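The values are calculated or read from the model by the stated rules, or taken from the named source; none is laboratory data. Note that the structure is a prediction, hence the values are computed from the model and not measured. Virtual Cβ from ideal backbone geometry, glycine too; neighbours counted across all protein chains shown.
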Amino acid sequence: MKIVCFSEIQWHYLRTRKQQILTRFPRDWEILFLSTVVQGKRNNFLPKRDGRVVHVCIPIFKNFPQAAIRAMFSIPLFRFLWNVVMYLWLNVVFIVTGFAGHRRIFYVSNIYYAAVLGHLSRSVMLYDCNDDPLGFENTPAWASGYFERLVREADITVAVSGGLVDLLKKTGAGAVQRVANGVDYDLFSEAAAAGVPDELRNLAKPVIGYVGAIAHWFDFGLIGRLACDFPEASLVLVGPVYRNLEGELGNLLERHRNIHHLGSRPYGQLGGYIAAMDVCLIPLKVTELRRMADPNKLYEYAAAGKPIVTMKYSEDMEAMADIIYLAESADGFVEKVRIALERGVDRQKLVAFARESSWQVRADAMADLILNGLGKERERS
């Protein structure tokens, strides 16, 4: 089986849903991962191998922050010519990597390939929708046509959340399968059992923490509020910070000496950092984009058995109300942190939830959808 993943991120970016699922597909499935080009990052335009995964950068984009590029792509003729180049470029990559021909599965998460996908032969195309692709900043107006086209042409449509299921159906999808996010349960639980990292041992207690990227969805104001309301506590942030937010983070750290940003840490060690926290936070802004999301960190926190406090981003979270602390306002969030510190959590329930939500379970579900889709395609043939 040959899988071609049309991705909106790079292979060596954070371990996201795509990498977690693809690497858990059956061992005899070969994978070609088409990464995006990212300014300031290493972009391998020649294929590289990582185990059974071949990854290569393609000059196609998730969105267009530069005004000049947005202006060019707003011209239909320019987009048409660019898509012709992409079609030819992709076919060269397929030939060089051994992924040419009809007998291959397309696993798509980047809508900006939509204009060329219909002209490329495949057995089955699966669209894995894990965010609202039109909800990001700087998304061009014409992207909606690409989204609608991909939804119509996909043989299998998968959504990570109930909100996305509804969105896809409104956009024209028929049956939509929901496959939620998950966790590398063994990795996180073993790291949690290994003990507290040295750099956290001498911090003032309690430790209230967040593990994840500090991006435009991160609520700096809420973290500042917690630092004021819990002056005796240490607020620990573990994860990379987006370059355009470094100044805002620096101001936050300067104002609140009990906030500690540790930066990125190896993925395999994150469970130890989570286990050292008395309460784990999901302090993200409540937006329409978040309403469609299913935060990975919720499952990672659960694998370590730690109390979780989060804003109620979507109705999906109601199903987890007995194992996490849900807040609907900043005041409610602060109060839930206070309650979580006092009462803790039913660790047994939380860990059982994480175990049932492993990435292997999710990958098996996705593989079954692909195999069923292949069966239907053969019947039609």
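Being surrounded by 12 or more Cβ atoms within 10 Å (Cβ to Cβ), over 27 Å from LYS376 (Cα atoms) and either free of Cβ contacts under 8 Å to residues at least 60 places away in the same chain or not assigned by TED's automatic domain parsing to the domain that holds ASP155 (or both) is a description that does not apply to PHE73. Of all residues in the range 235-262, those that are surrounded by 13 or more Cβ atoms within 10 Å (Cβ to Cβ) and under 27 Å from the mean Cα position of the chain (by Cα) total 17.
Taken over the range 218-234, residues that are assigned to a loop (DSSP other than H, G, I, E, B) and crowded, with 17+ Cβ neighbours inside 10 Å amount to 3. Considering the range 113-144, and only residues there that are aromatic (Phe, Trp, Tyr) and touching a Ser or Thr at 6+ places or on another chain (Cβ under 9 Å), the residue that is nearest to ASP294 (Cα to Cα) turns out to be TYR127. In the range 42-54 there is at least one residue matching the filter, namely being in contact with a Ser or Thr (Cβ under 6 Å, 6 or more places away or on another chain) and assigned by TED's automatic domain parsing to the domain that holds ARG149. Looking across the range 263-296, the residues that are more than 16 Å from the chain's Cα centre (by Cα), over 17 Å from PHE220 (Cβ atoms) and not in a helix (DSSP H, G or I) come down to SER264, ARG265, PRO266, ALA276, MET277, ASP278, VAL279, CYS280.
The rows are residues; the columns are (1) outside any helix (DSSP H, G or I); (2) in the same structural domain as ARG255 (by TED's automatic domain parsing); (3) of a type in the set (Asp, Glu).
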{"residue": "GLU148", "(1), (2), (3)": "no, no, yes"}
{"residue": "ARG152", "(1), (2), (3)": "no, no, no"}
{"residue": "VAL158", "(1), (2), (3)": "yes, no, no"}
{"residue": "ASP166", "(1), (2), (3)": "no, no, yes"}
{"residue": "LYS169", "(1), (2), (3)": "no, no, no"}
{"residue": "GLU199", "(1), (2), (3)": "no, yes, yes"}
{"residue": "ALA204", "(1), (2), (3)": "yes, yes, no"}
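Of all residues in the range 29-70, those satisfying the criterion of being among the aliphatic types (A, V, I, L, M), surrounded by 12 or more Cβ atoms within 10 Å (Cβ to Cβ) and under 30 Å from ILE370 (Cβ atoms) are ILE31, LEU32, LEU34, VAL37, VAL38, VAL53, VAL54, VAL56, ILE58, ILE60. Scanning the range 180-204 for residues that are within 19 Å of the chain's Cα centre (by Cα) and either buried (at least 21 other Cβ atoms within 10 Å of the Cβ) or under 17 Å from LYS306 (Cβ atoms) (or both) turns up ASN181, GLY182, VAL183, ASP184, TYR185, LEU187, PHE188. No other residue among LEU326, LEU341, LEU350 is surrounded by 19 or more Cβ atoms within 10 Å (Cβ to Cβ), among the hydrophobic types (A, V, I, L, M, F, W, C) and under 30 Å from SER234 (Cα atoms) apart from LEU350. Got a sec? Which of ALA154, ALA141 is farther than 23 Å from GLY375 by Cβ and of a type in the set (A, V, I, L, M)? Answer to the selection: ALA141.
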